[in-house]
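Report on the structure given below.
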Amino acid sequence: MGRISDDDVRRVRDTTDLVALVSERVVLKQKGRLYWGCCPFHAEKTPSFKVDPATQLWHCFGCGLGGDVYGFLMRTDNVEFVDAVRILADRAHIEIAEESGGMPRGKRERLISATEKAADFYHEFLTRSPDASAAKAREYLKGRGFGIDVAKRWRLGYAPGRGQLVAALGAEGFSAEEAVEANLALRGDRGGLRDRFFERIMFPILDLQGRAIAFGGRVIDAGEPKYLNTQDTPIFHKSANMYAIDRAKATITSSGTAIVVEGYTDVIALHEAGVTNVVATLGTALTREHVRLLGRFAKRVVYLFDGDEAGLRAADRAVEFVDRSVTPEAGRSRIELQVAVIPGGLDPADFVAEKGTDALLGVVAGSAPLLRFAIDRRLARWDLDRPEERARALTDSAEVLAPVKDSLLADDYANYIADRLFADFATVRRAVAAARPAPTRGEEEAAVAPPTPDSPQVRTERELLGLLVRKPRLRPKAQYLLANDLLTDPLSQAMAQGIVSAEKGISAAALVGELERAAPGSAAALSGVSAAESTESEADAFERELTRKLKEFDLERRIGVGKSRLKRPEEFQNKEEEAEIFRSVSAMQRELDELRHGGATE
């Protein structure tokens, strides 16, 4: 596939007027400096979809979607980024040059190119090297039913280690910094480079355009960890990417169903058996970001778990990412989440090998709604013949519905729980209304856990960054935020760094384009901020208030870390160390109290 230069991507974005583009699909009415209409991505009667001509961003406050001109076209036309650029270039009568080779110019494209070269190196070593380790890897794959043809179709590889990849990348013109930033190499104690992966079968992880952006590596013999994945990099985020999404998206779109498994070999085995709408998570549980990605192509997601105890525990945890996107109120953006468990304690690859494709499809067809599955698992913990255990079962099962309380779906399942417990609906409804989502970690871990993308802290970070983008005179504040570690979200940190590095006086719309290029997802993250719409006279007050909030969050986090340590006195070397932690926590608590009562932010 041809590559479009960063300059052309920028030129097409700058030439395209978002208001005009959206007006071709949505009836917009101007209110002040913003334009409003009914969202094209979900059913609504009251307009909650805004377009900001100053930043060239759109956002829907109903379904939460947002982005720039490319994001809008990708969603309305269900096309990939490269195709969106082509379409908008044609619309604006702009000629773009698609490059078929050579060294790419942009930083992101260079990292992708380095990862592509690594994939070629690993694949060549596996399929052609006479080295004994490569021969052993080929034999292992053959034993799993993956012969050389399968290895070629899936671009499997082998990492020999011993600095061979580092040397190969250097010969192709990639710098040591690029190899490290793409997580293909690590720096040694003396500053030299060593291969990140060694003596592992390599599974390349591709983006939607089919380009290698990361790897999963599996040991052949005994060794830990069994699977080693690329860490998050500027081109790869494991919580938002999926194995084989590039191959599966067409079938997912045509069938409307995505099947999610947990292993790379499971994906390959099912695809080779003819089930081609299968993807896998990348060493993590399914996340909301994964569901949003699949939601671009599917209306139904079936999470297929191994039938062993570990698989059932993973199925229990799956309910953690349930949100209002599964409810009828989500309209056209609703996603149906279901669970299927492989019988007999088998994994999907072994099951399809033993029972065949039809049997596997039968398991998928028999999948249960995720909420019902989770409720049934909760109820199964208790002896429902005993009144006191029925009361506990009510509280336990009601927790499952906490994220979707006050929805029609919650009412439906409240009726289901009432039938199972021989209780009246009103009692169950009250239990659901009072329920809080079950904790996903221990209390101590929760106190120091990093904020999630939809947390109050990250929302505050995005509000402040959006304000800095919109108000050029406030942009120097980004350096202060970075220097004082007030930004916890990686995307927020990347956006702040982009603001610091931006050309002085660059327009808000152009800056958003630069941020999106350097840190994909920036446009969507900034599209819904409201502080950016403040007047010049209000901007300083908003900036001070948002900065104060971030300092509060930072102090709360550090206080939580300190209190967590104080709960484990056995870990202190002496009493003085414990006393010092106590004094530090007390001082931070006083500082937090002062902030909350109007203290300065700097």
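The values are calculated or read from the model by the stated rules, or taken from the named source; none is laboratory data. Here the structure is a predicted model, which is why all the values come from computation and not from measurement. FYI the Cβ positions are ideal-geometry reconstructions off the backbone, even for glycines, and counts take in every protein chain you see.
For MET202, which of the numbered conditions (1) of a type in the set (A, V, I, L, M, F, W, C); (2) modelled with pLDDT of 85 or more; (3) not in a strand (DSSP E or B) fails to hold?
Every listed condition holds for MET202 apart from (3).
Against the definition (among the aromatic types (Phe, Trp, Tyr) and at pLDDT 90 or above), how does PHE373 come out, yes or no? Working first, answer last.
Working: among the aromatic types (Phe, Trp, Tyr): yes; at pLDDT 90 or above: no.
No; evaluated as a whole, the condition is false for this residue.
Identify all residues within segment 343-370 that are buried (at least 18 other Cβ atoms within 10 Å of the Cβ), modelled with pLDDT under 90 and in a loop (DSSP other than H, G, I, E, B); write none if there are none.
Within segment 343-370, just ASP347 meets the criteria.
Quick check: is even one residue across segment 35-54 at positive phi and not acidic (Asp, Glu)?
No, because not a single residue in segment 35-54 is at positive phi and not acidic (Asp, Glu).
Is it the case that some residue within segment 397-417 is modelled with pLDDT of 85 or more, surrounded by 20 or more Cβ atoms within 10 Å (Cβ to Cβ) and under 30 Å from PHE146 (Cβ atoms)?
There is no residue in segment 397-417 that is modelled with pLDDT of 85 or more, surrounded by 20 or more Cβ atoms within 10 Å (Cβ to Cβ) and under 30 Å from PHE146 (Cβ atoms).
Hey, could you check segment 422-431 for residues that are touching a residue at least 12 places away in the same chain (Cβ under 8 Å) and under 21 Å from VAL322 (Cβ atoms) and say which is surrounded by the most Cβ atoms within 10 Å (Cβ to Cβ)?
Restricting to residues being touching a residue at least 12 places away in the same chain (Cβ under 8 Å) and under 21 Å from VAL322 (Cβ atoms), the top hit is VAL428.
Would you check which residues across segment 532-567 are touching a residue at least 24 places away in the same chain (Cβ under 8 Å) and outside any helix (DSSP H, G or I) and list them?
Within segment 532-567, SER534, LYS567 qualify.
Quick one: is ALA134 at pLDDT 95 or above, in a helix (DSSP H, G or I) and among the small types (Gly, Ala, Ser)?
On the way: at pLDDT 95 or above: no; in a helix (DSSP H, G or I): yes; among the small types (Gly, Ala, Ser): yes.
It is false that ALA134 is at pLDDT 95 or above, in a helix (DSSP H, G or I) and among the small types (Gly, Ala, Ser).
Across segment 456-468, what is the total count of residues that are among the charged types (D, E, K, R), under 18 Å from GLU556 (Cα atoms) and surrounded by fewer than 23 Cβ atoms within 10 Å (Cβ to Cβ)?
Step one: filter segment 456-468 for residues among the charged types (D, E, K, R), giving 459, 461-463.
Then keep just the ones that are under 18 Å from GLU556 (Cα atoms); that gives 459, 461.
Then drop every residue that is not surrounded by fewer than 23 Cβ atoms within 10 Å (Cβ to Cβ), which leaves 459.
The qualifying residues number 1.
In segment 155-197, what count of residues is obtained for those that are surrounded by fewer than 19 Cβ atoms within 10 Å (Cβ to Cβ) and among the hydroxyl-bearing types (Ser, Thr, Tyr)?
The qualifying residues number 1.
Only one of (1) buried (at least 19 other Cβ atoms within 10 Å of the Cβ); (2) over 29 Å from the mean Cα position of the chain (by Cα) fails for GLY505. Which number is that?
So the condition that GLY505 fails would be (1).
So ASN241 fits all but one of (1) within 25 Å of VAL319 (Cα to Cα); (2) surrounded by fewer than 17 Cβ atoms within 10 Å (Cβ to Cβ); (3) of a type in the set (S, T, N, Q); what number is the exception?
(2)
Can you tell me which residue within segment 469-496, out of those that are aliphatic (A, V, I, L, M) and touching a residue at least 40 places away in the same chain (Cβ under 8 Å), is surrounded by the most Cβ atoms within 10 Å (Cβ to Cβ)?
VAL469
In segment 471-502, what residues are modelled with pLDDT under 90 and more than 23 Å from the chain's Cα centre (by Cα)?
Answer for segment 471-502, where residues must be modelled with pLDDT under 90 and more than 23 Å from the chain's Cα centre (by Cα): ALA483, ASN484, SER501, ALA502.
Search segment 35-84 for residues being β-branched (Val, Ile, Thr) and modelled with pLDDT under 90, and hand back the single one that is farthest from LEU293 (Cα to Cα). Working first, answer last.
First, the residues of segment 35-84 that are β-branched (Val, Ile, Thr): 46, 51, 55, 69, 76, 79, 82.
Applying the additional criterion that residues be modelled with pLDDT under 90 yields 46, 76, 79, 82.
Details: THR46: 26, THR76: 15, VAL79: 13, VAL82: 17 Å.
The extreme case among them is THR46.
Within segment 137-171, how many residues turn out to be outside any loop (DSSP other than H, G, I, E, B) and either in the same structural domain as VAL279 (by TED's automatic domain parsing) or of a type outside the set (Asp, Glu) (or both)?
22
For VAL291, are the conditions met, namely being under 26 Å from TYR158 (Cβ atoms), surrounded by 19 or more Cβ atoms within 10 Å (Cβ to Cβ) and among the aliphatic types (A, V, I, L, M)?
no
Can you name the residue in segment 198-224 that is among the charged types (D, E, K, R) and surrounded by 15 or more Cβ atoms within 10 Å (Cβ to Cβ) and, of all such residues, is nearest to the chain's Cα centre (by Cα)? Working first, answer last.
At the first step, the residues of segment 198-224 found to be among the charged types (D, E, K, R) are 199-200, 207, 211, 218, 221, 224.
Those still in the list that are surrounded by 15 or more Cβ atoms within 10 Å (Cβ to Cβ) too: 199-200, 207, 211, 218.
Values: GLU199: 29, ARG200: 26, ASP207: 13, ARG211: 18, ARG218: 23 Å.
Per the criteria, the residue is ASP207.
State which residue is nearest to VAL69 (Cα to Cα) when the search covers only segment 15-35 and only residues that are free of Cβ contacts under 8 Å to residues at least 40 places away in the same chain and among the polar types (S, T, N, Q).
Of everything passing the filter in segment 15-35, SER23 is nearest to VAL69 (Cα to Cα).
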